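Presented below is the structure to which this report refers.
The values are calculated or read from the model by the stated rules, or taken from the named source; none is laboratory data. None of the values given here were measured: they were computed from a predicted structure. Note: ideal-geometry Cβ built from the backbone for every residue, glycine included; neighbour counts use all protein chains shown. What goes into the accessible areas is simple: the full protein's heavy atoms, side chains included, and nothing from ligands, DNA or RNA. Shrake-Rupley method; radii C 1.70, N 1.55, O 1.52, S 1.80 Å.
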Amino acid sequence: GGNPFFIEELLNYLKNQGFGAEDLHALERSDLPSSLQSLILSRIDQLMEGQKATLKVASIVGRNFEVATLWGFYPQLGATEQIVEHLDVLTQAVLTVREQTEPNLAYAFRHMLTQEVAYESLPYATRSTLHERLGDYIEIAAAGRIDQHLDQLAYHYALGQNEPKKQEYLLKAARHAQYVYANTAAIDYYNRVLPLLAPEELPQILLDLGEVYELVGRWQDARASYEQALSAADQQNDPTTHARSETEIGELLTKQGQYAEASTWLDRARRGFEATGDRAGV
């Protein structure tokens, strides 16, 4: 199909199978992998168990990974020296490349597809467990500078089974993204955390999400988010958040030049704040 990577992987596969340039007749009789994915999987299957495990565990980290991280979150791979030996074999097999030397020895998958195939070859339950373990490792290793690793923590815990951690880091990542005006990321994180929240947490998060929608000009989505916050506040019998939701809708309508409707919403909000004695709200 004109894919140079496919040709290269096929040649590496044949080399590992012991084919030589003179074995054309044997090659014609061979049942070769018919797709790039099946070819990469066949190459992985040719590896020794330790090398195979190292490659698959590394696929959880990402395309680039440090040896210290592999050993840190999954010491079952063996001592650091053993992991390096496995990675050197994988590099000779043109599956990985060395990216960084000591003291922070790091490797990378030579091609993104190799990482994807290694990752997909892991059973779902195993992947989930490994993501959670990696999240635990990063949380400890990055203590004191967690803000720098929120995206990683949100990513790995979201793919694990620890629901409290999943909620905690998706929410932290959402708020941090909103703070630094990474609005697209903030919207994504907020939407992913919403189904995990307790009912009493929903109104505030929906208001936060509405604010981000406003910033990017998605006014319809902002209105829908504020109205959901209003409904959630009613269900929680929370008159203050109810009035805040009405305020946000009124201000949104003002920005759109819909002054008559905005005035109606803001008047309702004012009465709500007065009823609760909230002078700042009024």
Next item on the list: Please report, to one decimal in angstroms, the Kirkwood hydrodynamic radius of the stretch 98-234 built from all distinct Cα-Cα pairs.
Entry: 16.8
Checklist line | For the chain, the longest site-free run once chymotrypsin sites (Phe, Trp or Tyr not before Pro) in DSSP loop states with at most 15 other Cβ atoms within 10 Å are removed | finding: 20-180
Note to self: Using amide H atoms built in the peptide plane, which far-off residues or other-chain residues are under 5 Å from Glu99 H to H?
What the structure shows: Ala106, Tyr107, Ala108
Margin query: In the chain, if the dipole is taken from +1 on Lys/Arg beta carbons and -1 on Asp/Glu beta carbons about the Cα centre, which of Gln228, Val97, Gln115 is farthest to the positive end?
Written below: Gln228
Check: What's the angle, to the nearest 10 degrees (0 to 90), between helix 163-179's Cα axis and the longest principal axis of the chain?
Finding: 70
Item checked: Convex hull per residue volume in Å³, alpha carbons only, for the chain -> 177
Item checked: For the stretch 34-76, the fraction of alpha-carbon pairs in successive 5 Å shells from zero, as % -> 5, 21, 25, 22, 16, 8, 3, 1
Check: Ignoring ligands, DNA and RNA, how do Leu215, Leu90 rank by accessible area with a 1.4 Å probe, largest first?
Finding: Leu215, Leu90
Margin query: Taking the full set of protein chains and a 1.4 angstrom probe, give the accessible area of Ile83 in square angstrom, rounded to the nearest 10.
Written below: 0
Note to self: Charges at C-beta only: +1 for Lys and Arg, -1 for Asp and Glu. How large is the resulting dipole of the stretch 28-96 about its Cα centre, in Debye rounded to 20?
What the structure shows: 200
Item checked: Charged-residue dipole, Cβ positions (Lys, Arg, Asp, Glu), the stretch 146-211 about Cα centre, Debye nearest 20 -> 160
Notebook entry, point to check: Just in the stretch 97-203: which trypsin sites (Lys or Arg not before Pro) are loop by DSSP and have at most 10 other Cβ atoms within 10 Å?
Noted result: Arg145
